[in-house]
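Below is one structure, written out as structure tokens; the observations come after it.
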Amino acid sequence: MLANICIVSCYAENKSDHRIKTADGNFEIGLNGRGHLDVHSLYPDQANPDYPPFGSQLLSSNDRDGFNWRRTYASLTGKVYGVNFKFENDFAVNATTPFPHSLREAWVSTKLGPGQITLGQFKAYRGMEELTSSNELTLMERPSTSSTGIYTGRQFLTGIGYKAMIRDNIGIGADVMSLSHFGLPIDGITYGGRAVWLPINKEGNILHLGFSISRDTANKDSLSANIVDIYGGRLGINKSLGIAGASSGAPNSNSQSTFSTEAAYSIGPLTLQGEYAISNLDNTHQVNGNIKDSTIHAFYVQGSWFMTGENAVYRKDRGAFGKPQPGGKWGALEIAGRYDLAENINQNLTADPCKTGTSKCQVQVITLGVNWYPYQGIRFMLNYYLTDAMIGNAGLGTLTRKDSLSVLSVRTQISF
């Protein structure tokens, strides 16, 4: 009886952030969740009889259409004295990647100097859209400068990281991690960091500048260092832009080195942002019997506008933008658009890092979107993708080969 009274008197629930805390602040725990249900309608390109079909030209009219549980997260967060923790599982992927592969974030952290040191599984510190929460992405999928492209398959990794705001407008982060998720062999390594600067740092008026660098070294037992751009949304088409170590005669360990810059400006209801990444893949192909590297360029430009007047919220803990609380009776309405391009610039009829035997290796995507936030924690998203995968020609006098796929996607999102 005394124990029960103590528990009731010592703990109180804060309903605004779903956390239970002790009066002295030494213990707290919170439960959060998110569900993203997507519906897709794909409109494949028609095969050209003058060259072999590829990409969406190989699909029938209803392939990959329908419903997709994109995410079903349950997150447990808390603090024990000065140690913070987070445990997050995605139940939407359990059928294909059961626990512990379904774990997303699982880490502990504590304050060190002006920042936090983190140990466990989390996102490496690279890229604005990569570090934006999936609940707060402006469009349904991330661009090619993220784990949807440049860092394919390497979103949540295990290791150690440190990040801090060393001044009110300057943030840094650095990490050393294995190229693995929990449940996989601890093999391969990545290290790198990110820095951000806010020359303008006012509520409703933010200018963000930043850059990140990383080097991922993979071997036969780790996640590969490769770049696969996905065009047409989550159920779209995978186009390989190169794999480190894919050349015959390549050593067991092969690396990908990436440098990325980012810029964003938000004033009132308008937000503009873009990123550019250049990535070098070691030992992707051969030319005249010599092993060669290749280089991939990727960039996007994106804009969004809240027609109902809300301002995007800047998250200093991530160095990225989030979404505001809806202000009006009917919620918040946002329109957005993005142009995205990724290309292996070494692809030609002699050098073939993309393994297509053609003169080009490029993907470009235009995404148009509308977001409606009727209440805090509820969002409806409509995205329309216009995409082109260009692989050039197969020789003098042959036609340029292109796959033009369009996709309509709708998401119902609930989070708490």
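Please treat every number below as a calculation from the coordinates, not as lab data. Note that the coordinates shown come from a computational prediction; the quantities given were computed from them, not determined experimentally. Backbone-built Cβ (ideal geometry, glycine too); neighbour counts: all protein chains shown.
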| query | Can you pull out the chymotrypsin sites (Phe, Trp or Tyr not before Pro) in the range 59-119 that DSSP calls coil and that have at most 13 other Cβ atoms within 10 Å? | reply | Tyr81
| request: Identify which of Ile345, Ile391, Ile160 has the largest mean-square fluctuation in a Gaussian network model of the chain, with springs joining Cα atoms closer than 10 Å. | output: Ile345
| message | Just to be sure I understand the model, the point goes 7 Å from the Cα along the line to the Cβ. What's the resulting Phe416 to Leu184 distance in nm? | response | 3.3 nm
| query | Straight-line reach from Lys239: which lysines have Cα under 21 Å away, leaving out those fewer than 8 places along the same chain? | reply | Lys292, Lys355, Lys360, Lys402
| Sites Val108 and Leu368, calculated FRET efficiency, Cβ-Cβ separation with R0 45 Å, nearest 0.05 | 0.65
| How large is ³J(HN,Hα), in whole Hz, for each residue of the range 144-157 in order, when computed from phi with the Karplus curve 6.51 cos²θ - 1.76 cosθ + 1.60 and θ = phi - 60°, using x for Gly and Pro? | 5, 7, 10, 6, 6, x, 4, 10, 3, x, 10, 8, 10, 10
| note | By the Cα gyration tensor axes a ≥ b ≥ c (a/c under 1.5 gives rounded; else a/b larger than b/c gives prolate, otherwise oblate), the shape of the range 115-205 is oblate
| request: Excluding residues fewer than 8 places away in the same chain, name every one of the lysines whose C-alpha is closer than 26 Å to that of Lys86. | output: Lys15, Lys21, Lys111, Lys123, Lys163, Lys316, Lys323
| Per the Kirkwood definition applied to all pairs of different Cα atoms, how many angstroms is the hydrodynamic radius of the chain? | 22.9 Å
| remark: Dividing the alpha-carbon radius of gyration of the range 63-141 by 2.2 N^0.38 Å, where N counts its residues, gives 1.32
| said: Over the chain, what is the relative contact order in percent, taking alpha-carbon pairs closer than 8 angstrom and at least six residues apart? | reply: 13 percent
| task | Just order 46-55, 171-180 by mean Cβ neighbour count inside 10 Å, highest at the front, would you? | result | 171-180, 46-55
| field | Under the Karplus curve 6.51 cos²θ - 1.76 cosθ + 1.60, θ = phi - 60°, whole-Hz ³J(HN,Hα) for the range 254-268, x wherever Gly or Pro sits | value | 9, 10, 10, 10, 10, 10, 9, 10, 8, 8, 8, 9, 10, 9, x
| query | Short version: ³J(HN,Hα) in whole Hz for each residue of the range 131-137, in order, from phi by Karplus 6.51 cos²θ - 1.76 cosθ + 1.60 (θ = phi - 60°), x for Gly and Pro, what are they? | reply | 8, 6, 4, 4, 6, 10, 4
| task | Taking the Cβ of each residue in Met390, Met381 as the centre, tally the other Cβ atoms inside 10 Å and list the residues starting with the fewest. | result | Met390, Met381
| field | Where labels lie 7 Å past Cα in the beta-carbon direction, separation of Asp50 and Asn238 in nm | value | 3.1 nm
| note | Rounded to one decimal in nm, the spacing of the 7 Å Cα→Cβ label points at Lys329 and Lys316 is 3.7 nm
| query | For the range 301-345 and the range 121-198, what is the separation of their C-alpha centers, rounded to whole Å? | reply | 20 Å
| message | Between Val39 and Leu349, what is 0.36 nm times their sequence separation minus the Cα-Cα distance? Round to one decimal in nm. | response | 107.7 nm
